[in-house]
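Student: First the structure, which I've put down as structure tokens, then a few questions once you've had a look.
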There are 2 protein chains.
Amino acid sequence: MTGARGLRGAGGLGVALAVAPAPDGGRWEALVKRPTIADIARQAGVTKAAVSFALNGQPGVSAATRERILAIAQEVGFQPNSAARALSDGRAGAFGLVIDRPARMLGVEPWFTQLISGIQGELSGDHTALLFTMAEDQDAEIAMYRSWWAQRRVDGVFLVDLQIGDRRVGVLEQLRMPAVVIGDPAGAGSLPAVWQDDAAATRAVVEYLAGAGHRRIARVTGIPRFWHTKIRTDAFRAAAQAVGVQAVLLEGDYTGENGAAATRQLLLGAEPPTAIVYDNDLMAVSGLGAAQQAGVEVPAELSIVAWDDSAFCEVVHPPLTALTRDVAAYGAHAARVLVQAAAGAEVGHYQEAPAVLTVRGSTGPVPREPARRPGRQPAGGSPATAPAARPAR
Amino acid sequence: MTGARGLRGAGGLGVALAVAPAPDGGRWEALVKRPTIADIARQAGVTKAAVSFALNGQPGVSAATRERILAIAQEVGFQPNSAARALSDGRAGAFGLVIDRPARMLGVEPWFTQLISGIQGELSGDHTALLFTMAEDQDAEIAMYRSWWAQRRVDGVFLVDLQIGDRRVGVLEQLRMPAVVIGDPAGAGSLPAVWQDDAAATRAVVEYLAGAGHRRIARVTGIPRFWHTKIRTDAFRAAAQAVGVQAVLLEGDYTGENGAAATRQLLLGAEPPTAIVYDNDLMAVSGLGAAQQAGVEVPAELSIVAWDDSAFCEVVHPPLTALTRDVAAYGAHAARVLVQAAAGAEVGHYQEAPAVLTVRGSTGPVPREPARRPGRQPAGGSPATAPAARPAR
């Protein structure tokens, strides 16, 4: 397989320009016998050119011959070689999706698989495949776009996890490569965005918690360089100010380790919050576990809210109040927009309905006493007055 | 985009046979200017044929001209059109992976994303892409294989979730399409399998629990038609018999709903088990939630073990004892085998190390008293003698 690297491909193009593909000349043809133009020609008693004209809807064959040829093509299960098709109509028949989050993190985020399933569902009806891959960083991702586009491997790409000052946007604009941003238009440049109003959803959470009497609310963020993180954080601050509650912000990275550590840090602080909003399901489930381990009752002493509701939010005890959205539908809409963009249509932004708050057992009215702080002594207080750390259950 | 369906592609083949692709004739060429053979020819002051010969390593140009042409090609960043390359060398440069589990279930299983990330990591070094898609059922999946193979969209496929009497194996054998089974060789026919000894891992779990004094152990299975489910179930029965403990089997389907329902059913039974082994992480986390909701202490009254350790197993409280394996490495090995198979090499089965048991807080010694059964009255007993159902905490 090493021969696939370097200039072998370039040589291949030379051959393709020099000669028409021999129906039985390929390596795979030697392994399996697919019906070819030649087979149809033989069976119809016409030339290969006539078959080509007929299948192509070009003049040069009579109506009767054309019909006979089409019938035989259907009968033998003739399917055009996708490579030949791509050469002729310039369409790769595939869209690309590159993700540059660490693979380990990706594996635990239901969000991406839901998104992919939505994209797939839409594209399968259009006989378009999804090329899905992971890149180490944005440079690698950009290199992949250039290579895909130069080699016509894809007809367009989905862009996720848009960052502040994202370099991918400019590259795609320059390449004039059809692309759809899955996320806020704020950083999408001239690219169409399929997006949800995360600020509105954030406000809904803050107002719900403030309404339940919470006066000090924490947010454990996702990776700060992402636009969606910034938008939620800004909205969190603004909403807290608007309803007159204190906002506490802690940077997170979507991992379980981080969710637990942030929770412990908040509970051990001088003024622990009575509610914590986490930026993904794994951090929220982990925060619940950390609170339970510290003997802090959820929701009696601490309310917990998760962004991006998932099956795991539903099944833990207590089940987590979460922001629910139809991620698969989101993916399907993005696919629809990209199909249009790749077909050359002028497409604008497409706004989804915002996530809705699904209230479950992990949130409740503000506790009369703040959450217990295991192992921490009140400032200036003696050990005797400190609330006893409860053993892990 | 509707024109992409039906016979348009067939017409495309006709065009490809009739004329060489015009470098500037494609729809995308109109949008973006890629360096072409013609550009190189112009810059080098030679014919396009000479460029083609030089890039292709064919005779017809002098050594000096060849070097000059290659230098220009590199300088302008010439990359061959993948479609033309596929026509000439018969290689699609992509492998396929079709999954026919429901999308909703797929979204919650970290296993698949880990597997894909492992496959990707291996293939990216080989400049091979992964075509990933979902199918409604096995018929749809088989139709996709036939279509991919006929259209040379892929050079081979990964086969997952092998079923008893799986029809895909025979179809792939018949097509002589390179394929690698990710799973036990038992149902793989003549296809190479990359597999782990699930029976050994199952025995390790049963022996560990029996060693902790458990005498009645339940298993909530995955979907029974899958080979891996059957292999684990058979091994579970045999191992229980070998160490002299009772095996209780309940059919599951990997969903959280099912994990909770099975757990309630087991805890409410006449003789509740003191340990439950679940076939995936979501059912196990859900089982933990259901037990906690019923007031059953884990592990004091019930031990819980999960197949396929995940981040969620680590962060719940108590963290779950689980069978851990390097799923990404599994995917990488499968990719390596498929690369060899697609290159025409004779490849055999490849056995991975079995999963290892990671003992965490959810398992412990057998309780003195069986788990409490909320809402259930002992046979023949009066309500007064029934153990009080404890309120959900």
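The values are calculated or read from the model by the stated rules, or taken from the named source; none is laboratory data. Quantities reported herein were computed from a predicted structural model and do not represent experimental measurements. FYI the Cβ positions are ideal-geometry reconstructions off the backbone, even for glycines, and counts take in every protein chain you see. Heavy atoms of the whole protein, side chains included, go into the accessibility calculation; ligands, DNA and RNA do not. Shrake-Rupley method; radii C 1.70, N 1.55, O 1.52, S 1.80 Å.
Student: Out of the range B:172-186, which residues are open to solvent by less than 20 Å² (accessible area, probe 1.4 Å) and in contact (Cβ under 8 Å) with a residue 24 or more places away in the chain?
Tutor: Selection gives B:L172, B:M177, B:P178, B:A179, B:V180, B:I182, B:G183.
Student: Still on this model: Go through the range A:145-157 and give me each residue that's open to solvent by less than 10 Å² (accessible area, probe 1.4 Å) and within 11 Å of another protein chain (Cβ to nearest Cβ).
Tutor: A:W149, A:V154, A:D155, A:G156 - these are the residues of the range A:145-157 that are open to solvent by less than 10 Å² (accessible area, probe 1.4 Å) and within 11 Å of another protein chain (Cβ to nearest Cβ).
Student: Next question. Could you tell me whether the range B:324-331 includes any residue that is among the aromatic types (F, W, Y), part of a strand (DSSP E or B) and within 28 Å of B:G183 (Cβ to Cβ)?
Tutor: Checked the range B:324-331: no residue is among the aromatic types (F, W, Y), part of a strand (DSSP E or B) and within 28 Å of B:G183 (Cβ to Cβ).
Student: Hey, can you tell me all the residues within the range A:300-324 that are open to solvent by less than 40 Å² (accessible area, probe 1.4 Å) and touching a residue at least 60 places away in the same chain (Cβ under 8 Å)?
Tutor: A:E301, A:L302, A:S303, A:V305, A:W307, A:D308, A:S310, A:A311, A:F312, A:L323
Student: Let me confirm something: among A:G121, A:G125, which residue is open to solvent by 10 Å² or more (accessible area, probe 1.4 Å), closer than 20 Å to B:V98 by Cα and facing chain B (nearest Cβ under 9 Å)?
Tutor: A:G121
Student: Residues that are at pLDDT below 75 and open to solvent by 10 Å² or more (accessible area, probe 1.4 Å): which helices (runs of 4 or more DSSP H) entirely in the range B:27-90 hold 1 or more of them?
Tutor: Helices (runs of 4 or more DSSP H) meeting the threshold: B:27-31, B:48-56, B:63-75, B:82-89.
Student: I would also like to ask the following. Go through the range A:279-292 residue by residue and tally those that are in contact with a Lys or Arg (Cβ under 8 Å, 6 or more places away or on another chain) and either touching a residue at least 60 places away in the same chain (Cβ under 8 Å) or not in a helix (DSSP H, G or I) (or both).
Tutor: 2
Student: Could you list, in sequence order, all residues of the range A:268-309 that are within 16 Å of B:A311 (Cα to Cα) and polar (S, T, N, Q)?
Tutor: Listed by number, the residues that qualify are A:N280, A:S286.
Student: Do we have B:A342 as out of contact with any helix residue (DSSP H, G or I) (no Cβ under 9 Å at 6 or more places or on another chain) and in contact (Cβ under 8 Å) with a residue 12 or more places away in the chain here?
Tutor: yes
Student: Here's something else I'd like to know. Looking at the structure I just gave you, is A:G187 more than 14 Å from A:L97 (Cα to Cα) and among the small types (G, A, S)?
Tutor: Yes, satisfied.
Student: Out of (1) among the hydrophobic types (A, V, I, L, M, F, W, C); (2) within 12 Å of another protein chain (Cβ to nearest Cβ); (3) buried (at least 20 other Cβ atoms within 10 Å of the Cβ), the odd one out for A:A193 is which?
Tutor: With (1) among the hydrophobic types (A, V, I, L, M, F, W, C); (2) within 12 Å of another protein chain (Cβ to nearest Cβ); (3) buried (at least 20 other Cβ atoms within 10 Å of the Cβ) applied to A:A193, the lone miss is (2).
Student: Suppose we filter B:V98, B:V108 for residues that are closer than 30 Å to B:F312 by Cα, modelled with pLDDT under 80 and outside any helix (DSSP H, G or I); which single one remains?
Tutor: After ruling out the rest, the residue left standing is B:V108.
Student: Here is a further query. Which numbered condition in (1) at pLDDT 85 or above; (2) closer than 18 Å to A:G183 by Cβ; (3) open to solvent by 30 Å² or more (accessible area, probe 1.4 Å) is the only one that A:I142 fails?
Tutor: The one condition A:I142 does not meet is (3).
Student: Just give me the residues in the range A:151-170 being in contact with a Leu (Cβ under 9 Å, 6 or more places away or on another chain) and outside any loop (DSSP other than H, G, I, E, B), in sequence order.
Tutor: Within the range A:151-170, A:V157, A:F158, A:L159, A:R168, A:V169 meet the criteria.
Student: Next question, about the same structure. Within the range A:234-259, restricting attention to residues that are assigned to a loop (DSSP other than H, G, I, E, B) and either of a type in the set (F, W, Y) or open to solvent by less than 30 Å² (accessible area, probe 1.4 Å) (or both), which residue is farthest from A:M283 (Cα to Cα)?
Tutor: A:V245
Student: Same structure again: Could you check A:C313 against (1) more than 8 Å from every other protein chain (Cβ to nearest Cβ); (2) on the phi < 0 side of the Ramachandran plot; (3) in contact with a Leu (Cβ under 8 Å, 6 or more places away or on another chain); (4) outside any helix (DSSP H, G or I) and say which number it fails?
Tutor: Result: A:C313 fails condition (4) only.
Student: Here is a follow-up. On the given criteria, is B:A201 open to solvent by less than 50 Å² (accessible area, probe 1.4 Å) and not aromatic (F, W, Y)?
Tutor: Criteria met by B:A201.
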